[in-house]
Every structure is written in C-alpha cells, then in structure tokens.
Amino acid sequence: MCEVGTRPPLAAERGEPPGGAAAAERCRDMGEQPIFTTRAHVFQIDPSTKKNWVPASKQAVTVSYFYDSTRNSYRIISVDGAKVIINSTITPNMTFTKTSQKFGQWADSRANTVFGLGFPSEQQLTKFAEKFQEVKEAAKLARDRSQEKIETSSNHSQTSFAAKIREMQEKPGVHLCVVLQESGRETPSSTRASSVNGTDDEKASHSGPAEAHLKSENDKLKIALAQSSSNVKKWETELQTLRESNARLTTALQESAASIEHWKKQFSACKEENDQLRSKIEELEEQCNEINKEKERNAQLSRRLQELETELQDKDLELEELRKQGEIIPQLMSECESVSQQLQAAEKKNKDLEEKVRTLRTEVEESKHRQTNLKTELKNFLDVLDGKIDELHDFRQGLSKLGVDN
C-alpha cells in the first residue's frame with residue numbers, strides 16, 4: 001500500500017513477465033481500433049479509505065487507447081488475462097496528473113474510482129500524458145461537433161417541416177388536418193375550418209389525374225412527417241440523455257472539486273513529508289560523505305600502517321644483523337687490544353728507530369763533512385800528483401832526448 005501521489009513499486013523493475021495481450025483483439029472485434037499502446041502497472045484507489053492504492057495487476061500489463069469510429073469516442077482499456085482492469089471512456093472533463101517521475105493518475109466519475117499507472121521510465125509516462133491530452137482534445141471536439149450536428153439537424157427538420165406545411169397550404173386539395181394529426185401536432189384554427197383550399201370551381205377542375213397526384217404527394221408527406229416525428233422523439237430521448245449525462249457530469253464535477261481539495265491537502269501533506277525526506281536524505285548524504293572521508297582516511301592509515309610494518313620488518317632485520325655483529329664485538333675488542341699493544345710496541349720500536357735515524361743522520365753528516373774534507377785533500381793531492389807527473393814527464397822527455405843524443 002502507498003499514499004496517493006506516491007509511486008508504488010513496479011513489477012517490471014523486479015523482472016516479472018508481461019500479461020494481458022488479448023485486449024487489442026477483443027476491442028477490434030467490437031469495432032474499435034488501438035491508436036496508442038504502452039505497458040504499465042495498474043492501480044486503483046482503495047474505495048474504503050480513498051487514500052491508498054490497490055494494485056489491479058500483479059505485473060506490467062498492456063494499456064491502450066482505443067477509438068470507436070461508430071460512436072466517435074475514445075477509451076483506455078487494459079486487460080490482465082481474462083479480467084478487464086481498465087475500461088475508462090475519456091471525456092473532456094478528465095485530467096491526467098503526474099504525481100511523480102514514473103507515476104500518473106486520473107479520476108473516472110462513471111467508474112467511481114481513480115486509476116493509477118506506474119511506468120518503467122519517465123519518458124513513457126510523458127508520452128502517455130501527451131496522448132491523454134490529445135485524446136481529451138479530440139473527445140471535446142467530437143462532443144462539440146455532435147452538439148452542433150444535433151442542433152443543425154433539429155433546425156433543419158423544423159425548417160423542412162414548416163416548408164412542407166407552407167407548400168401544402170399553397171397546393172389545393174391537400175388534407176392538412178389529416179397530415180398534421182398524423183404528425184402528432186394540432187392544426188391551426190384556419191386550417192381546421194376548411195380541409196380544402198380553393199373554390200368549388202377549382203374542385204371540379206382538379207379531378208382525375210390531379211387528385212391521384214395529390215394523393216401520392218400526400219402519402220409522401222405522411223411518410224416524411226412520420227419520419228420527422230420519430231426523429232423528434234429520438235432527439236427528445238437523446239436530449240433527455242444529454243441532460244441526464246450533464247447532471248451526472250455536474251455531480252461528478254462537484255465530486256471532483258471536493259476530491260481536488262482533498263488531493264490538494266494530501267499533496268501538501270505529501271509535499272511536507274517529501275521535504276522532510278529530502279532534508280533527511282541530505283543529512284544522510286552528508287553522513288555518507290563523512291563516512292566516505294573516514295573510509296579514505298582509514299584506507300590511508302591502513303596503507304601507512306602497512307608501510308610502517310614493512311619498515312619495522314626491515315628494522316628487525318637490521319637489528320638482527322646488529323645483534324650478530326654485537327656478538328662479534330668482544331672478539332673484535334680483544335683483537336683491538338692486541339693490535340693496540342702491538343701498536344704501542346711498534347711505536348716504541350719506531351721511536352728507537354727514529355733515534356737511530358737521528359744518530360745515523362748525524363753520522364752521515366759527519367761522514368759527508370769528512371768526505372768533503374777528504375775530497376778537498378784528495379783534490380789537493382791530485383793537483384800535487386799532477387804536478388809531479390808533469391815534472392816526471394818532462395824529466396822523461398829530457399832523458400829520452402839525452403838517450404837520442406847519445
């Protein structure tokens with residue numbers, strides 16, 4: 001159940017199969033032709049509460065506009081299996097109202113109910129509403145033409161009847177009183193006084209073939225007047241029917257006005273409820289946005305946590321390596337102490353060697369100084385030796401010369 005003006009859940013959205021495919025064939029057999037067909041879920045107003053919708057079909061059914069060319073009328077027909085769930089004749093006073101994006105309704109005073117249709121999409125609802133407006137205008141135009149035709153036929157019949165009477169009055173030998181009595185009307189006083197117009201001489205002259213001609217015309221006029229009388233009765237019956245239908249339409253219009261006020265109140269209440277729901281939806285959307293932000297933050301935190309866990313695992317590995325290295329540290333310390341002792345010993349040796357180097361340097365310098373002195377002495381000695389050698393050479397040359405001379 002749902003409130004009036006709200007959209008009930010559609011079975012087509014739940015994937016239920018269609019039904020009621022024989023409606024068009026049945027209406028074609030009755031002389032009607034479909035002009036527009038769609039599929040929708042059919043609802044009727046609850047007759048007890050006049051507020052809630054009662055589903056008339058378990059699934060989406062075919063809803064069609066039909067045109068009756070013999071009666072010049074339009075109907076909305078829908079059949080679910082063998083059950084007729086909509087049989088609404090469209091009148092110019094009907095109005096199709098969109099109550100939501102996919103739901104529309106109209107009131108049928110003859111059926112004393114309100115029909116509601118739920119469509120799978122807003123586009124189908126718009127097409128149905130446009131077609132309803134077109135059919136409503138066509139029904140209004142057909143009603144206006146019918147009234148004009150009745151008035152024209154009535155005026156034409158009365159004019160024709162008066163013309164026939166004038167023609168009969170102009171022609172002598174026609175029994176107007178008989179014709180008018182058969183037509184169901186009273187004759188004028190001047191006509192009842194005399195059944196034949198003209199003098200006795202004219203009576204005598206119009207005997208034989210003229211009298212037969214007048215009788216045939218009189219018979220024709222009798223038939224025409226009888227048909228006119230039957231047409232007048234028929235028109236009176238139709239007029240009475242139209243008056244009764246007008247009275248029913250007036251009553252329905254009053255009921256529609258009352259129901260409109262009721263629907264307006266319902267609409268205002270639904271509007272307030274809709275505004276409240278919208279505000280709640282906005283609050284929920286804000287909460288959803290905050291929840292989404294929190295989810296994003298949680299996702300970021302989870303990613304950061306994973307990164308930290310990875311870093312922690314790396315640090316654990318480093319710590320394990322450091323622990324392994326820490327186990328080697330005492331051995332390294334002992335080695336370092338031995339190395340430091342060796343270093344100290346080496347430093348002592350180095351100091352001794354430096355002392356020896358200093359001593360050797362001094363000795364080298366002294367030896368260099370002595371070598372310099374020796375070189376100087378050697379040079380002097382060599383100079384002296386060269387002088388001596390030169391003297392010996394000269395002496396030898398002198399000796400050789402002496403040997404040659406001897």
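For this structure, a couple of remarks:
- Near residue 90, the amide H atoms lying under 5 Å from its own belong to 74, 75, 76; only residues 5 or more places off or on other chains count, and H is placed 1.01 Å from N.
- Packing rank of 266-272, 32-38, 244-250, 62-68, where each peptide gets the mean count of other beta carbons within 10 Å, highest leading: 62-68, 32-38, 266-272, 244-250
- log₁₀ of I(q)/I(0) at q = 0.19, 0.20, 0.21, 0.25 Å⁻¹ - the stretch 359-399, Debye sum with one point per alpha carbon: -0.62, -0.64, -0.67, -0.76
- Close amide H contacts of residue 99 (hydrogens built in the peptide plane, cut-off under 5 Å, sequence separation of 5 or more or a different chain): 104, 105.
- Couplings for the stretch 86-97, taken from phi via the Karplus curve 6.51 cos²θ - 1.76 cosθ + 1.60 with θ = phi - 60°, read 9, 9, 10, 7, 7, 10, x, 7, 6, 9, 9, 10 Hz in order; Gly and Pro are left as x.
- Here the scattering of the stretch 295-367 is modelled by Debye summation over its C-alpha atoms, one equal scatterer each and no solvent; at q = 0.18, 0.25, 0.28 Å⁻¹ the log10 of I(q)/I(0) is -0.84, -1.01, -1.08.
- Contour excess over end-to-end distance, with Cα ends at residue 255 and residue 142 and 0.36 nm allotted per residue: 38.2 nm
- Approximate spin-label separation residue 223-residue 306, in nm, with each point projected 7 Å along Cα-to-Cβ: 10.3 nm
- Exceeding the 19 Å Cα-Cα cut-off - candidates 58/83; 51/127; 127/264; 98/131; 140/265: 51/127; 127/264; 140/265
- Computed from backbone phi with θ = phi - 60° and the Karplus coefficients 6.51, -1.76 and 1.60, the 3J(HN,Hα) list for the stretch 301-316 is 5, 5, 4, 5, 5, 4, 4, 5, 4, 4, 4, 5, 4, 4, 5, 4 Hz; x is used for glycine and proline.
- For the stretch 248-265 and the stretch 342-398, distance of Cα centres in Å: 148 Å
- Distance between the 7 Å Cα→Cβ label points at residue 339 and residue 382: 5.6 nm.
- Across the stretch 268-284, computed HN-Hα scalar couplings (Karplus, 6.51 cos²θ - 1.76 cosθ + 1.60, θ = phi - 60°) run 5, 4, 5, 5, 4, 4, 5, 4, 4, 5, 4, 4, 4, 4, 5, 4, 5 Hz from first to last residue, x flagging Gly and Pro.
- Extension gain, residue 355 back to residue 318 (0.36 nm per residue minus Cα-Cα distance, nm): 8.3 nm
- Once the 1.4 Å probe is applied to the protein heavy atoms, the stretch 313-377 comes out at 96 Å² accessible per residue.
- The overall shape of the stretch 29-104, judged from the alpha-carbon gyration tensor, is prolate: a/c is not under 1.5, and a/b is greater than b/c.
The values are calculated or read from the model by the stated rules, or taken from the named source; none is laboratory data. Because the structure is predicted, anything quoted here is derived from the model rather than measured. In this analysis, Cβ positions are derived from the backbone assuming ideal geometry, glycine residues included, and neighbour counts consider all displayed protein chains. Keep in mind that these areas ignore ligands, DNA and RNA; they rest on the heavy atoms of the full protein, side chains included. Shrake-Rupley method; radii C 1.70, N 1.55, O 1.52, S 1.80 Å.
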